[in-house]
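Since the structure comes first, as structure tokens, the remarks are kept for the end.
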Amino acid sequence: MCPPVHYTVSYSINPWMDPTEPVDPALALLQWEDLRDRYRALGHTVEILDPVPGLPDMVFAANGATVVDGRVLGARFANPERTGEAPAHLAWFRGHGFPEVREPAHVNEAEGDFAVTSSWLLAGRGFRSSLSSHPEAQEFFGRPVIGLELIDPRFYHLDTALAVLDEAGDEIMYYPGAFSPGTRAVLARLFPGALLAAAEDAAAFGLNAVSDGLHVLLPHTARGLRAPLRERGFEPVPVDMSELHKAGGSVKCCTLEIRPAHAGVPAPLPQAAPATASISATITATSAASGTATIVPPATVAGIATSATGDPGPAAPEATPVA
Ligand code: ARG
């Protein structure tokens, strides 16, 4: 995560951004700190990326890199206003012991458009990430890419329209209206049991959520998603991110998930060094679906990485809705 120290809305690169509408930087920082503290209270480790002056959107850390099996694919931003963020992310990963850090050849806005399930790498396109970034990601991660066409400018990144609820179980939620007819058919075919969000919850950034397989952190204004999430065994954790919404981002955008290397993952590159997990650790949680103890796949939220010592961190409090 990257604190919104230099956060403001001084340009407009998506329909949510109105530079004439005032932003309260102090409130943005409080909301961001609340999100960070909730991750920590739930037992996750949060790594902090230093903010860079002049890069007001850097708070949206999810756009800076995609990390799968400990391999890091950097970002290449579509808009010149954000290009300076990419090197800062690459430098962070190189400085933190990640053996494979790749600067991409093609425009991709990282987890803004890439979502990971155990079977697939879901890859959005239409507004930001380029079509050619899809095969590049598939080759780098060795995971089959499913290309998804976004058609509504309000949902310009995949993570504004779709969230992975349970990586291991290929469980997702999404807003069908954000996708082309063909893509809707693909999603219905691959995820017949998905939770479908209503337009008003999607417009409240309800799909811009982060799940650790049990807890689902999402904007408190996306009220309609809470009951269906509970019915599926998840625990909604509503948070207020209203100041960040003014730039077109919410919970997920502020959160880059670090998925460490783990045993048994085949390396896609024949000459690749054996995967070494510098931050490998697992989060033991109660499975949302079965109610049994499960190892949540090493989801590290930029990071939810549990400490290597196995310290579970502070006891998880009751998730209290903020509204
Ligand atoms: N203002 C930023 C942009 O338009 C918001 C990015 C939100 N991030 C995300 N992962 N959807 O690029």
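The values are calculated or read from the model by the stated rules, or taken from the named source; none is laboratory data. No experiment lies behind these values; they were computed from the predicted model shown. Positions of Cβ are backbone-derived with ideal geometry, glycine not excepted, and every protein chain shown enters the neighbour counts.
What number of residues within the stretch 1-43 satisfy the criterion of being over 16 Å from Asp240 (Cβ atoms), more than 12 Å from the ligand (Cβ to nearest atom) and in contact with a helix residue (DSSP H, G or I) (Cβ under 9 Å, 6 or more places away or on another chain)?
4
Taking the stretch 121-166 only, how many residues are away from the ligand (no atom under 16 Å from the Cβ), of a type in the set (Asp, Glu) and either touching a helix residue (DSSP H, G or I) at 6+ places or on another chain (Cβ under 9 Å) or at pLDDT below 95 (or both)?
Selection size over the stretch 121-166: 1.
Counting only residues that are within 16 Å of the ligand (Cβ to nearest atom) and surrounded by 20 or more Cβ atoms within 10 Å (Cβ to Cβ), how many does the stretch 216-244 have?
8
Go through the residues of the stretch 25-39 one by one and say whether even a single one is in a loop (DSSP other than H, G, I, E, B) and in contact (Cβ under 8 Å) with a residue 12 or more places away in the chain.
Within the stretch 25-39, none of the residues are in a loop (DSSP other than H, G, I, E, B) and in contact (Cβ under 8 Å) with a residue 12 or more places away in the chain.
Can you spot a residue in the stretch 13-33 that is charged (D, E, K, R) and crowded, with 16+ Cβ neighbours inside 10 Å?
Scanning the stretch 13-33, I find no residue that is charged (D, E, K, R) and crowded, with 16+ Cβ neighbours inside 10 Å, so the answer is no.
Among the residues of the stretch 138-168 satisfying the criterion of being acidic (Asp, Glu) and assigned to a loop (DSSP other than H, G, I, E, B), which is nearest to Leu214 (Cα to Cα)?
Glu167
What single numbered condition from (1) touching an Asp or Glu at 6+ places or on another chain (Cβ under 9 Å); (2) within 22 Å of Val145 (Cα to Cα); (3) buried (at least 24 other Cβ atoms within 10 Å of the Cβ); (4) aliphatic (A, V, I, L, M) fails to hold for Met173?
The number of the failed condition is (1).
So which residues in the stretch 168-210 are in contact (Cβ under 8 Å) with a residue 60 or more places away in the chain and under 24 Å from Trp16 (Cα atoms)?
Passing the criteria: only Val210.
Applying the selection to the stretch 106-118, what residues are without any contact (Cβ under 8 Å) to a residue 60 or more places away in the chain and out of contact with any Ser or Thr (no Cβ under 7 Å at 6 or more places or on another chain)?
Residues satisfying the conditions are Ala115, Thr117.
Which of (1) more than 22 Å from Gly249 (Cα to Cα); (2) of a type in the set (Val, Ile, Thr); (3) under 16 Å from the mean Cα position of the chain (by Cα) is the odd one out, the single condition Thr66 does not satisfy?
(1)
Residue by residue through the stretch 75-101, note down the ones that are within 16 Å of the ligand (Cβ to nearest atom), of a type outside the set (A, V, I, L, M, F, W, C) and within 18 Å of Asp50 (Cβ to Cβ). Lay out the reasoning, then the answer.
Here is the first cut: in the stretch 75-101, the residues within 16 Å of the ligand (Cβ to nearest atom) are 75-86, 88-89.
Narrowing further to those that are of a type outside the set (A, V, I, L, M, F, W, C): 76, 79-85, 89.
Answer for the stretch 75-101, where residues must be within 16 Å of the ligand (Cβ to nearest atom), of a type outside the set (A, V, I, L, M, F, W, C) and within 18 Å of Asp50 (Cβ to Cβ): Arg82, Thr83, Gly84, Glu85, His89.
Quick one: what pairs do we get from the stretch 156-167, first residue of a type in the set (Asp, Glu), second within 11 Å of the ligand (Cβ to nearest atom), C-beta under 6 Å, 6+ apart or different chains?
That search, which allows pairs on different chains as well, returns Asp159/Gly112; Asp159/Asn208; Asp159/Lys252.
Restricting to the stretch 57-74, count the residues that are away from the ligand (no atom under 15 Å from the Cβ) and assigned to a helix (DSSP H, G or I).
Matching residues across the stretch 57-74 total 0.
Could you please find all residues in the stretch 89-108 being of a type in the set (A, V, I, L, M, F, W, C) and in a loop (DSSP other than H, G, I, E, B)?
Matches in the stretch 89-108: Phe98, Ala105, Val107.
Can you say whether Glu111 is of a type in the set (D, E, K, R) and surrounded by fewer than 17 Cβ atoms within 10 Å (Cβ to Cβ), as far as the supplied structure shows?
The answer is no for Glu111.
Test Pro104 against the stated conditions and say whether it is away from the ligand (no atom under 15 Å from the Cβ), at pLDDT below 95 and more than 18 Å from the chain's Cα centre (by Cα).
no
So which residues in the stretch 209-232 are touching a Gly at 6+ places or on another chain (Cβ under 7 Å) and not hydrophobic (A, V, I, L, M, F, W, C), if there are any at all?
Pro219 - this is the single residue of the stretch 209-232 that is touching a Gly at 6+ places or on another chain (Cβ under 7 Å) and not hydrophobic (A, V, I, L, M, F, W, C).
From the list Phe98, Phe140, which residue is buried (at least 18 other Cβ atoms within 10 Å of the Cβ) and touching a Pro at 6+ places or on another chain (Cβ under 8 Å)?
That would be Phe140, the only listed residue that is buried (at least 18 other Cβ atoms within 10 Å of the Cβ) and touching a Pro at 6+ places or on another chain (Cβ under 8 Å).
Across the stretch 107-120, which residue is nearest to Glu167 (Cα to Cα) among those that are out of contact with any strand residue (DSSP E or B) (no Cβ under 7 Å at 6 or more places or on another chain) and within 16 Å of the ligand (Cβ to nearest atom)?
Within the stretch 107-120, the match that is nearest to Glu167 (Cα to Cα) is Gly112.
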